[in-house]
Amino acid sequence: MRIAYLIVCLIVMASGAVFGALNPEPVLVDFYLFAFELRLGIGLLLAALCGAALGGFCMWAGVVLPLSRRVARQAREARAREKQMVVATHDELTL
């Protein structure tokens, strides 16, 4: 599995390098307070990377975090029920 992951990563990196090399035109990136010049390929790759990172953060905040909280709450409730069952079983045995 690690070999497949490594091969996919290398293919993606190589295609990114080729994409950047095929788009060498300079582009002015202007944020209201500052501006800088960047190659088109690098700018597009950075925009895609930022979009993927933002999408991953939104997925984490919207899905993963609530589900992990739900799992933790259910684990606490299960431990509490188990503790009650142990106490109830112990009380029945002592009668």
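The values are calculated or read from the model by the stated rules, or taken from the named source; none is laboratory data. This is a predicted model, so every value here is computed, not measured. Reconstructed Cβ throughout: ideal geometry from the backbone, glycine too, with neighbour counts over all protein chains shown.
Per-structure values
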item	result
Some residue of region 35-44 being at pLDDT 90 or above, more than 28 Å from MET13 (Cβ to Cβ), of a type outside the set (A, V, I, L, M) and out of contact with any helix residue (DSSP H, G or I) (no Cβ under 6 Å at 6 or more places or on another chain)	no
Verdict on GLY20 being modelled with pLDDT of 90 or more and either part of a helix (DSSP H, G or I) or charged (D, E, K, R) (or both)	no
Residue in region 17-38 that is polar (S, T, N, Q) and within 26 Å of the chain's Cα centre (by Cα) present	no
Inter-residue pairs, beta-carbon under 7 Å, first among the hydrophobic types (A, V, I, L, M, F, W, C) and in region 44-64, second part of a helix (DSSP H, G or I), 6+ apart	LEU45/GLY16; LEU45/PHE19; LEU45/GLY20
Scope region 24-64; condition part of a helix (DSSP H, G or I) and touching an Asp or Glu at 6+ places or on another chain (Cβ under 8 Å); matching residues	LEU40
